[in-house]
Each structure stands twice: as structure tokens, then as C-alpha cells.
Amino acid sequence: MKKLSIRPLLALCFLLLVPQSFSQELLKGNASYYSDKLHGRRMANGELYHRDSMTCAHQKFPFGTLLKVRNPLNDRTVVVRVTDRGPYSKRFILDLSRAAARELDIIRAGFTMVEITPYHPGEVPYRAEKDSIPEIPELDLHYTPTATYPDPAWQRDTTEID
């Protein structure tokens, strides 16, 4: 009797579960921040790391994805862009740039629990009521010709005597 391999079944299960991992609305875990020693070095996407930029490293989100990161301890929020891979420790799910860590107030602690949500700037968070929109006054524009030009010869009345 021939043995069935479990590898194709595992690969199929992995492919079915991967798209769902990005559609999760809220991820929770510990986040740390980059050391100042990495300032000026290349990241996984090829850009140079700058400690004052709002960037982060995540293992699975595609490069360029915007993430909204919230510190539940002080309710501060920051939007960062995924530019690197990491962290490579099981304790952390996100590495932040120094500027993002400063905004979230985690510099002193070194790491903290955060909530991560994919951020889509094209979505309108609310729609204003029609009554709440202020009315824009109409501009009164009058056209006054500054110079008058003579009519061309072909547009003049031929019966006219100059």
C-alpha cells in the first residue's frame, strides 16, 4: 500500500489561511523600536532607514502597507508604513522607527503592547450632514474689457464709410 504524503495537504491549508491573516482587523502584540545604530542603513525594501521617519518592520504585511498602531496604555495612535522585515523574535510583532516610538511614548519602556490595524486613507470615516456644511458665498465677478480692439476688415459691414 502506498503512503500518502501530508505535505501537499499542509501547503493547501497554508495557502488558504494566508489571505485571511491580512484581513484581520486588529492584531495585538508587543512592539519595540529600532536602535540608533541602524540609522542610515538599508532596509529590506531598499530604502535607507531614517530614525525620524514613520516606518516599521513587520513579518507578513507587504511593503508599503500603512498600519495604524495604537498604544492602549495612553491611547496614542500613529500611522506607519511597512518598509522592513522583522522582528525575528517571537516576543514582538512589530519594530517601529524611533519617531513612531516617540509618538507612542514607548522610548523609556523599550517595548509595549500595541494594537495594529491596516490603515486605508482612501476610506471616508464619516459623511457630513447636508445641513452641517457651511454655505459658500457666490463671488460677484464683473467682466470689464480693458481695451477695445477694432473689428477685422472681413467682419466689418461693407456699407460703412470710414
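Every residue in segment 79-96 that is under 16 Å from Asn30 (Cβ atoms) and within 21 Å of the chain's Cα centre (by Cα), please.
Going residue by residue through segment 79-96, those that are under 16 Å from Asn30 (Cβ atoms) are 80, 86-96.
Once the filter is applied, which keeps residues that are under 16 Å from Asn30 (Cβ atoms) and within 21 Å of the chain's Cα centre (by Cα), segment 79-96 yields Val80, Gly86, Pro87, Ile93, Leu94, Asp95, Leu96.
Taking Ala31, is it closer than 22 Å to Ser89 by Cβ, touching a Leu at 6+ places or on another chain (Cβ under 6 Å) and modelled with pLDDT of 95 or more? Before you say what the answer is, go through the steps one by one.
Working: closer than 22 Å to Ser89 by Cβ: yes; touching a Leu at 6+ places or on another chain (Cβ under 6 Å): yes; modelled with pLDDT of 95 or more: yes.
So Ala31 fits the description; yes.
Go through segment 78-94 residue by residue and tally those that are within 18 Å of Gly122 (Cα to Cα) and out of contact with any helix residue (DSSP H, G or I) (no Cβ under 8 Å at 6 or more places or on another chain). Give the derivation first.
The initial filter retains those residues of segment 78-94 that are within 18 Å of Gly122 (Cα to Cα), namely 78-82.
Filter once more, so that each one left must be out of contact with any helix residue (DSSP H, G or I) (no Cβ under 8 Å at 6 or more places or on another chain): 79, 81-82.
Summing the residues that are within 18 Å of Gly122 (Cα to Cα) and out of contact with any helix residue (DSSP H, G or I) (no Cβ under 8 Å at 6 or more places or on another chain) in segment 78-94 gives 3.
Say whether the condition of being modelled with pLDDT under 95, assigned to a loop (DSSP other than H, G, I, E, B), within 19 Å of Ile116 (Cα to Cα) and within 18 Å of the chain's Cα centre (by Cα) is met by at least one residue in segment 10-24.
Of the residues in segment 10-24, the ones modelled with pLDDT under 95 are 10-24.
Retained after the next criterion (residues that are assigned to a loop (DSSP other than H, G, I, E, B)): 24.
Pick out the ones that are also within 19 Å of Ile116 (Cα to Cα) and you get 24.
Going one step further and asking which of them are within 18 Å of the chain's Cα centre (by Cα), we end up with 24.
Scanning segment 10-24, I find at least one residue that is modelled with pLDDT under 95, assigned to a loop (DSSP other than H, G, I, E, B), within 19 Å of Ile116 (Cα to Cα) and within 18 Å of the chain's Cα centre (by Cα), so the answer is yes.
The values are calculated or read from the model by the stated rules, or taken from the named source; none is laboratory data. Quantities reported herein were computed from a predicted structural model and do not represent experimental measurements. Glycine also receives a Cβ, built like all others from the backbone with ideal geometry; neighbour counts cover every protein chain displayed.
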